[in-house]
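See below for the structure under consideration.
The values are calculated or read from the model by the stated rules, or taken from the named source; none is laboratory data. Everything quoted here is computed from the prediction, not taken from an experiment. Counting neighbours? That spans all protein chains shown, and the Cβs are built from the backbone with ideal geometry, glycine included.
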């Protein structure tokens, strides 16, 4: 039988976890004291937190612990990138039942570590408590390296809207899993393990992005946050949104419009940003629309091909 | 009937919470974007995280939401202070069932805010998710303001051990509540609302503390972490540990030795530190023992009046 957390005890598990979580270059003092100490070289630290609850944000029968670790890290690291910052460290709190297998906790740690390594960050500290079900809370820290932050509030009429990273893949994967299937494998993998383009965040800041957000709840909903914060209209041109072949296949199989995945699917953690129209964007940033001033007919918000959109983001309590 | 989170929705609740959580002086960008931005003036940030699970760390029938907020903030802010740092900001993630009353969430926020105000910090960001029971995860950030950190690893033979803040009061309060009583009120209040001496952390650093810890799991257990990290023996002199009258009253009423509260009671978040013996300590730092080198008979650990102690800290999974 596998060892459980109760067999090993809190301090035994902490020792095993620490062995798997080497300190990265920005961590001055890692796990094991009252607090960690992390570089914040320009005198500011970017900080964000996201919580994942078993049964709502992940299912142990759909995802391995390792993939849940990757995903928990990814969604927080992407939030740092969306400010135009470079992730430096994670703090991770885990509530778990005492009968959880030690191997599950170690798999989670491996996933957190490997996702951090995609961006030179590392796990600098954490907390481990007993709870009735698994809850993972991750805080990510980051550095702007002297650049101004890219908030949601700077989009201006005339800017272009561009996106870097996948849209709709995770949602297509979730739709497949929800119907009891395991393929197309490529969308299931995208759901289990998003691959946010972390370095595109600082790149966008350097290119002069006026606003940026991490697409976690769906493109239209998240662009709505930029529209509101910037008091502008964001108009999407659906012709410019490529719909990859696997998304078309899934949509055809389950009888939905594949564009729905692209417009409303969350959890891929693409970066969406607005740029002055004269900026020469690298190829991985695809222009998908334009920013306009609000009018009496069209207040701040998102339009699709010039038409008002009814698509809202995800509300966790409704 | 009171409004619930489901009635109000995630974004409605976030708006109400933001109205109650003003940004402090170290917060450059507060809640509402992908991440917060916090001052880290000397190029380093101190960061720590603790998770509280309903039923294990708090009970809604024993504590008001406001007190749970105070406590959740206190235990994290105290960890920052225990590094010799000044707290600057909190990030707070909350999992809650949709039928939770809005007033409970607002009470929690008020408690977090008011505890932060004891130390000039503020809530800079957070996350709100749906979950089967309440889980609160707090991350505290802090600034060393150019000082070196005080870790657990610097205690030296010949140092004195000193403590600032209450010991055993919260444990006495918990013992009272656990037996269905509500008095003595002063220990019940201490359990519901610890008052860590935050500014004593930077003070100890300035005075030359060689090691420091926040007493969260019990004096003997937590000093054991210093002993281990510093490879020394910490000998407590019980004659120097004052046992306040309310603790004596509770102990007499329930038939235990009041010294147990002082030696093993957690959650008061006193600061325990070691100092070179020549340091002239302010009155609030009470000397309670001495640091000795390990010998063949007595390896690293805590002794009480020169005798080996069997008292261990709390293990969350055993």
Response to the item:
Over segment A:280-318, the set of residues at pLDDT 95 or above, assigned to a loop (DSSP other than H, G, I, E, B) and crowded, with 16+ Cβ neighbours inside 10 Å is A:281, A:285
Worksheet item: From B:139, B:151, which residue is over 30 Å from residue B:11 (Cβ atoms) and facing chain A (nearest Cβ under 10 Å)?
Response: B:151
Worksheet entry | Extreme residue, farthest from residue B:122 (Cα to Cα), among residues of segment B:19-38 that are more than 9 Å from chain A (Cβ to nearest Cβ), touching a helix residue (DSSP H, G or I) at 6+ places or on another chain (Cβ under 9 Å) and surrounded by 16 or more Cβ atoms within 10 Å (Cβ to Cβ) | B:31
Item to complete: Sort out which residues of segment B:25-38 are farther than 24 Å from residue B:214 by Cα and in contact with a strand residue (DSSP E or B) (Cβ under 7 Å, 6 or more places away or on another chain), and write them in order of number.
Response: B:27, B:28, B:29, B:30, B:31, B:34, B:35, B:36, B:37
Worksheet item: Inside segment A:39-52, can you point out the residues that are out of contact with any strand residue (DSSP E or B) (no Cβ under 6 Å at 6 or more places or on another chain) and more than 7 Å from chain B (Cβ to nearest Cβ)?
Response: A:42
Worksheet item: Can you name the number of the only condition in (1) under 21 Å from residue A:317 (Cβ atoms); (2) facing chain A (nearest Cβ under 7 Å); (3) under 24 Å from the mean Cα position of the chain (by Cα) that residue B:5 fails?
Response: (3)
Worksheet item: Out of the residues in segment B:53-72 that are in contact with a strand residue (DSSP E or B) (Cβ under 6 Å, 6 or more places away or on another chain) and crowded, with 24+ Cβ neighbours inside 10 Å, which is nearest to the other protein chains (Cβ to nearest Cβ)?
Response: B:72
Worksheet item: Based on what the data block shows, is residue B:126 surrounded by 24 or more Cβ atoms within 10 Å (Cβ to Cβ), closer than 18 Å to residue B:10 by Cα and in contact (Cβ under 8 Å) with a residue 12 or more places away in the chain?
Response: yes
Practice prompt. Considering each of A:140, A:78, A:121 in turn, give the residue that is buried (at least 24 other Cβ atoms within 10 Å of the Cβ), touching a helix residue (DSSP H, G or I) at 6+ places or on another chain (Cβ under 9 Å) and farther than 23 Å from residue B:94 by Cβ.
Written response: A:121
Response to the item:
Within segment B:228-248, residues touching a helix residue (DSSP H, G or I) at 6+ places or on another chain (Cβ under 9 Å), outside any loop (DSSP other than H, G, I, E, B) and either over 16 Å from residue B:299 (Cβ atoms) or not assigned by TED's automatic domain parsing to the domain that holds residue B:274 (or both) come out as B:236, B:238, B:246, B:247, B:248
Worksheet item: Among the numbered criteria (1) in contact with a helix residue (DSSP H, G or I) (Cβ under 8 Å, 6 or more places away or on another chain); (2) under 27 Å from residue B:68 (Cα atoms); (3) buried (at least 24 other Cβ atoms within 10 Å of the Cβ); (4) at pLDDT 95 or above, which single criterion is violated by residue B:223?
Response: (1)
Discussion item. Given the criterion within 22 Å of residue A:225 (Cβ to Cβ), surrounded by 24 or more Cβ atoms within 10 Å (Cβ to Cβ), under 20 Å from the mean Cα position of the chain (by Cα) and touching a residue at least 12 places away in the same chain (Cβ under 8 Å), identify the matching residue among A:155, A:162.
Written reply: A:162
